[in-house]
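The values are calculated or read from the model by the stated rules, or taken from the named source; none is laboratory data. Computed from a predicted structure; not experimentally measured. Cβ coordinates were reconstructed from backbone atoms using ideal geometry, including for glycine residues, and neighbour counts include every protein chain displayed. What goes into the accessible areas is simple: the full protein's heavy atoms, side chains included, and nothing from ligands, DNA or RNA. Shrake-Rupley method; radii C 1.70, N 1.55, O 1.52, S 1.80 Å.
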Amino acid sequence: MRYEAVIGLETHVELATNSKIFCSCGGHSTKGEPNTRVCPACAGMPGMLPVTNRRVVELAMRAGILLHCDISRYTTFDKKSYYYPDLPCAYQITQWFHPVCRNGSVEVTTKDGTRTIGIKQIHMEEDAGKLVHDDWTETTLVDFNRTSVPLIEIVSKPDFRTADEVMAYLEKLKTMFRFANISECEEGAMRCDVNISIRPEGTEELGVRTEIKNMSSLSSIRRAIQYETARHLDAVERGTETLVQETRRWDDVKGRTFSMRNKETAADYRYFPDPNLMPILIGEDWIRRVRDTMPASIEEKTAEYQSKGLSEKEIASLTSERALCDLFDAVTAAGRDPKEAASWILTECGGILRKHGQVMGELRVAPEKLSRIMEKVSGNEINRAAGRKVLEAVLYEDADPDAYCKAHNLSAQGDADAVRQVVLKVLDATPNAVKDYLGGKKKAFQALFGGCMKELKGNGDPQVIRTLLEEELSKRS
Amino acid sequence: MGQFVTEINANGVIAVDDTIQVKGYETRAGSRILEGFKPLFSAETVERLEGAGYAVAGKSAVGEFGLDLLGEFAHGGPCLDASGALRGAAAELVAAGQVRGALNVDLNGAPRRAAALSGVDFLKPTYGTVSRYGVIPCACSGEQVGVTAKTAGAVRELLRVIAGHDPKDGTSLPAETYDYGNGKDVPGMRVGLVRELTDAASDDMKARVTAYAERMRGLGVTVEEVSLPLAEAARTAWNLLLCAETCNNVSRYDGVKFGYRSPDYRNIDELYVNSRTEGLNFLTKAVILYGSDALSKGRYVTCYDKALRVRRLVWEQVKGLFKDFDALLCPACSRTEYRPYAIADAFKTVFEESLFTAIPNLTGVPAMASGGVQCFADTLRESSLLNLAEAMEGSGAK
Ligand SMILES: [Zn+2]
């Protein structure tokens, strides 16, 4: 008999807001020294009252629009009670009864084709703090920086059949959310709970379901799904064990899942509506405003860049990061040629970043400065090689292009003087080639030209070298 | 000044219940569990009073989290008068003229009851008109900060200072000011005497309410008996919500970050359990157990959710009466005197007494104790309560 896996995902995504979900401190609060991104409210001091961060609701709506969900007209926050030292109030504010979005879908593409994955709901909630275990002193410390950081949880329907589909889905969410400025989706900002069961292919009834909690790396998720599917198959086909509905934990080092036989899995969370947070009524106007102010999607950007004559490869590279699109848009809006702009961003900036061991995602450059460099090169004020040098100084020394050129005597004229010195040096060093050329062997010119280029380490402007070579050779005829 | 648990300023004119935070001064809410807890900020109501020039004299004693009748089970002991009868600490400070007024949290009627027994005024304003920021939270859906003072005029004066929108409280209504009346317009008012609540009181309390109604008539007020059949259901619903919300809110007191920590524990579970066992009194524990049960999976629909539905029905019934009446008159408590009793009886006693006080907490309408009795009014109609009380005080009702 052939079996298929039935997989559902609960994905927690940290939202990119300037403050936490119910207080005004924080922001990207997982960073910073422990307990420095915390205020009396998110520390759970009595007397503080939660006030909803409007931005969180809007980003959740934005995610709902991208995932084709129905946006709820009436949505509430509820309290979920449990004791854990990383939860300062002993309750978490989440959405249990009336989540902000329902009934969506997303298409995922793998080598086996494209399938539609249903989205059951998206809800908003606050994150918990972090426990830091110190094995040396055998103590556990609590860091509340992450407490009350806004999250959305995207609950999929059990529509996945393979780990590949899960990977494609998570990659897609990541790209989509980064591109729409919903989340930065950096390491650890996206966490998954995975539900798995298996059943004979072609049947409808679900098998015994297990849940693997709290994984954040894609490779762990893939391995955990593969391991757990195999474990279910062994149990069903070969009777290696009896499956029970339970929560399991993935151990990345041992490469297997373990049953979490603790109280937490049997907890009654005693959900009830939070009386301190009034129900949120979402009207058509608000939805329209959120829709209208959404950053352009990848598809829209792709079409726009095609019309500007960029290549598929350039488009794919630019749209991999919202920030690259923003940079490209700003530089072209300042009047620079689109093809040139793409080349400067992807080839020149990319090359310099690689040289410094960085990746495109780390590119931080003021569009005005890049635009100014491009302007100087296209206006022949400096050559491209010099432009590259200026760019490097802009990226790593925060230099001003004009000031840098002046300070380093970079100009077309100064450049030509330097190239002339090289030309003279090459001519003096290879008298035979000079003689051959002057004797009519025009091919010798290529050797002389190559010598100059080599001397300039490939950074010379070919037109300038050619002109100066011809000029100096004619003086020697 | 035995009624103060913490004295702050000898020249102060306002007592602040120990369930309301004053920055830097120990706030224990009558409980051992908050021993040594010094808040980092003052309640919004305290800030507003201080900003208007009213200095805080000290923190007045309350029962643990304000859950009992009159502070009888406060960690520091009850407040008794010379005869040994129970008294509310803040109400006694006001009655004795030691302070001009007091801020109290009306969670289950304690300050209303205290005012009625001490012969002073207390007004629980409409839910959402006074900020709850800085209140040690129990039942957030119905508790409100109110004012105790000797006269309706003094209540009005302090209420004007503390009321108005506070962005730090998500349930705060948008208005900056409210109508607190002018002490006039009383002749021609219509008052309903709530039969179910009056019938449930002792004979001397009944007589007190009847006499009050008679004096109202003397001022040209029409008083008619009315029925509020859901009064008992309202009490049950409010106590259910109160237990559930309190259970959730006090679960943060675990001995880890602040307050009392048991010296006796070997692991985190024992730290939680022993700190709470030693830090909370029997009444609070009963509230926690009932509340936890009401919220459990098996009970949510039949208990908590049903209480929310009853809240809606009671609100409709009360609203219906306010179409015809400016205020509803009833006792604030069953008797005219209370004596200390065993804590084993506390949950039952508080539940029984809350029959008289639960409706305003459940529905958010304003309520005022004055002249030893109380009146309810429609949402945002504090003016009716203050005008009536002021006219009655002028007529020598006290
Ligand atoms: Zn905070």
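Accessible surface buried by the A/B pair amounts to about 2700 Å², both sides summed, 1.4 Å probe.
Expressed per residue, the C-alpha convex hull volume of chain B stands at 132 Å³. For chain A, with the dipole built from +1 on Lys and Arg beta-carbon atoms and -1 on Asp and Glu ones, taken about the Cα centre, which of A:Ala163, A:Cys89, A:Pro338 lies farthest toward the positive end? It is A:Pro338. Rg/Rh for chain A (Cα atoms only, Rh after Kirkwood) is 1.12.
Translational diffusion of segment A:296-408, estimated by Stokes-Einstein from the Kirkwood radius over alpha carbon pairs at 10 °C in a medium of 1.306 mPa s, is 112 µm² per second. For segment A:336-477, the solvent-accessible area with a 1.4 angstrom probe is 55 square angstrom per residue.
Take the solvent-accessible surface of the protein heavy atoms, probe 1.4 Å, and return the percent of it on segment B:7-148 that carbon and sulfur atoms account for. On segment B:7-148, the fraction of accessible area on carbon and sulfur atoms equals 45 percent. Maximal additional length on extending the A:Arg420-A:Lys254 stretch stands at 53.2 nm, based on 0.36 nm per residue less the C-alpha distance.
FRET efficiency for the B:Ser296 to A:Phe97 pair, using the beta carbon distance and R₀ = 22 Å, is estimated at 0.85.
Expressed as a whole percent, the accessible surface of segment A:416-475 that belongs to carbon and sulfur atoms is 55, based on a 1.4 Å probe. Taking every protein chain into account, the accessible area of chain B amounts to 35 square angstrom per residue (probe 1.4 Å). A Förster distance of 45 Å, applied to the separation of the beta-carbon atoms of A:Lys406 and A:Glu246, puts the FRET efficiency at 0.05. If a/c stays under 1.5 just call it rounded; otherwise compare a/b with b/c (prolate if a/b is bigger, oblate if not). Do that for segment B:2-102, with a ≥ b ≥ c from the square roots of the Cα gyration tensor eigenvalues. Judged from the Cα gyration tensor, segment B:2-102 comes out oblate (a/c at least 1.5, b/c at or above a/b).
Of the residues B:Ala207, B:Ala307, B:Tyr341, the one whose Cα sits farthest toward the positive end of the charge dipole of chain B, with +1 on the Cβ of Lys and Arg and -1 on the Cβ of Asp and Glu, is B:Ala307. Each label point was placed 7 Å from the Cα along the Cα-to-Cβ direction; for B:Tyr341 and B:Lys285 their separation is 2.0 nm. For segment A:3-285, the solvent-accessible area works out to 44 Å² per residue, with a probe of 1.4 Å and every protein chain left in place.
For chain B, set up a GNM with springs between Cα atoms under 10 Å and report which of B:Ala367, B:Ala307, B:Ala344 has the largest fluctuation. Evaluated over chain B, the most mobile residue of the options is B:Ala344.
Computed about the Cα centre, the dipole magnitude for chain B is approximately 340 debye when only Lys and Arg (+1) and Asp and Glu (-1) carry charge, each at its Cβ. Seen from A:Glu14, the other residues with C-beta closer than 14 Å to its C-beta sum to a net charge of +2, counting Lys and Arg as +1 and Asp and Glu as -1. With the Cα gyration tensor of segment B:166-314 giving a ≥ b ≥ c as the square roots of its eigenvalues, does the rule (a/c under 1.5 for rounded; else a/b larger than b/c for prolate; else oblate) give rounded, prolate or oblate? Judged from the Cα gyration tensor, segment B:166-314 comes out prolate (a/c at least 1.5, a/b above b/c). For chain B, modelled as a Gaussian network with Cα springs under 10 Å, which listed residue fluctuates most, B:Gly51, B:Gly88, B:Gly134? In this elastic network of chain B, the residue with the biggest mean-square fluctuation among B:Gly51, B:Gly88, B:Gly134 is B:Gly51.
Projecting the Cα atoms of A:Val422, A:Val142, A:Leu395 onto the charge dipole of chain A, computed from C-beta unit charges around the Cα centre, puts A:Val422 farthest toward the positive end. Note on chain B: with a GNM built from Cα contacts shorter than 10 Å, the maximum mean-square fluctuation among B:Gly53, B:Gly76, B:Gly372 falls on B:Gly53. Magnitude of the charge dipole for the protein assembly as shown, about its Cα centre and with charges confined to Cβ atoms of Lys, Arg (+1) and Asp, Glu (-1), is about 1440 debye.
Evaluate the charge dipole of chain A about its Cα centre and quote only its size in Debye, nearest 20, assuming +1 on the Cβ of each Lys and Arg and -1 on the Cβ of each Asp and Glu. Once rounded to the nearest 20, the dipole reads 1000 debye. Look at the Cα gyration tensor of segment A:253-345: its axes a ≥ b ≥ c give a/c of at least 1.5 with a/b at or below b/c, and that counts as oblate. Unpaired cysteine residues in chain A (no second Cys Cβ under 4.7 Å): A:Cys23, A:Cys42, A:Cys89, A:Cys185, A:Cys192, A:Cys325, A:Cys349, A:Cys405, A:Cys452.
A simple spin-label model places the labels of A:His356 and A:Asp134 3.6 nm from each other, with each point 7 Å out along Cα-to-Cβ.
A cut-off under 9 angstrom between Cβ atoms defines the neighbours of A:Gly64, and their net charge, with Lys, Arg +1 and Asp, Glu -1, is +1. My understanding is that a pair violates if its Cα-Cα distance is over 24 Å; which of A:Lys79/B:Lys257; A:Lys174/A:Lys213; A:Lys313/A:Lys339; A:Lys120/B:Lys168; B:Lys59/B:Lys150 do that in this structure? From the list (A:Lys79/B:Lys257; A:Lys174/A:Lys213; A:Lys313/A:Lys339; A:Lys120/B:Lys168; B:Lys59/B:Lys150), the Cα-Cα distance tops 24 Å for A:Lys120/B:Lys168.
Taken along its principal axes, the alpha carbon cloud of the protein assembly as shown reaches lengths of 134, 73, 55 Å, longest axis first.
Within 10 Å of the Cβ of each residue in B:248-261, the mean number of Cβ atoms contributed by other protein chains is 4. Model label points for A:Ala316 and A:Leu141, set 7 angstrom from Cα along the Cα-to-Cβ axis, are 4.6 nm apart. Of all lysines in the structure, those lying under 21 Å Cα to Cα from B:Lys319, and not within fewer than 8 positions of it along the same chain, are B:Lys124, B:Lys306.
Here's the picture: a label point sits 7 Å out from the Cα of A:Arg364 along the beta-carbon direction, and within segment A:169-193 the residues with their amide nitrogen under 18 Å of it are A:184-187.
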